[in-house]
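Please read the structure below before turning to the comments.
The values are calculated or read from the model by the stated rules, or taken from the named source; none is laboratory data. Treat the numbers as computed from the prediction; the structure is a model and nothing was measured. Cβ atoms come from the backbone with ideal geometry, glycine included; neighbour counts cover every protein chain shown. For the accessible areas, the whole protein counts, side chains as well, though only heavy atoms, and no ligand, DNA or RNA atoms are used. Shrake-Rupley method; radii C 1.70, N 1.55, O 1.52, S 1.80 Å.
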Amino acid sequence: MNKLYSQKNTKKQLIQLNKGIEAGLNYFYEKFYPYFYLRSNRATQDTCIATSITHEAFLRLWLYRENIHSEEDLLHFLKMQIKKAIHIFYSNPRSRFHRSLLQLDSIENYQEFLAGYEEDDDAHEDLVYLDKLDNEKQHQLDKLNKVLPFLNLEPTIHQTQSSVQLQL
């Protein structure tokens with residue numbers, strides 16, 4: 001009986017949402033906000049960003065409310081909005097700086113950690129890679145040396161032909 005009442009109430013609230021009555025949005029906001037907030041917070045590790053992502057998803061739900069015809073559509077729409085926002089958060093170059101600060105905040109005493117870290121000026125060169133590169137360069141040079149004698153013969157043939165024509 002309680003489940004049937006819940007389904008009828010959900011359908012009623014969905015109709016209100018479609019008509020533009022804010023009580024419908026409020027119903028779904030109260031019902032699904034904690035779930036989507038936890039999802040975005042788990043993905044971003046930042047409460048402020050998670051709140052913004054979740055609020056924006058519900059704002060978009062309000063804007064596209066005419067396209068929602070069932071609770072499954074509503075859930076799918078919100079999931080896709082959250083997923084896209086999280087993807088944008090991790091792919092947007094402007095948020096990289098913010099994410100790097102968050103990563104530093106998660107390190108205990110990160111100021112001391114950074115102060116004690118000194119980068120080596122002398123870069124370690126990979127000797128195996130350098131040997132491989134030298135071998136490749138030597139192989140290319142050998143190829144070039146094999147081709148060069150043939151390149152030198154060709155201009156001399158033209159020169160001898162032109163000199164023969166001049167003598168005639």
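Numbers at a glance
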| quantity | calculated |
| --- | --- |
| Unit charges at the beta carbon, dipole of the range 36-88: most positive-side option, 38, 57, 67 | 38 |
| Inter-probe distance in nm under a simple model that places probes 7 Å from Cα toward Cβ, at residue 75 and residue 55 | 2.7 |
| Under 23 Å from the Cα of residue 84 - lysines, other chains or at least 8 residues apart | 31 |
| The range 1-70 shape via C-alpha gyration tensor axes, a/c threshold 1.5 | oblate |
| Potential lengthening between residue 45 and residue 136 on full extension [0.36 nm per residue; Cα-Cα distance subtracted] | 28.1 nm |
| By average C-beta atoms within 10 angstrom, highest first, the peptides 48-55, 73-80, 139-146 | 48-55, 73-80, 139-146 |
| Pairwise label distance in nanometres, residue 63 with residue 30, each label 7 Å out on the Cα-Cβ vector | 2.6 |
| Area accessible to solvent at residue 134, 1.4 Å probe radius, in Å² | 90 |
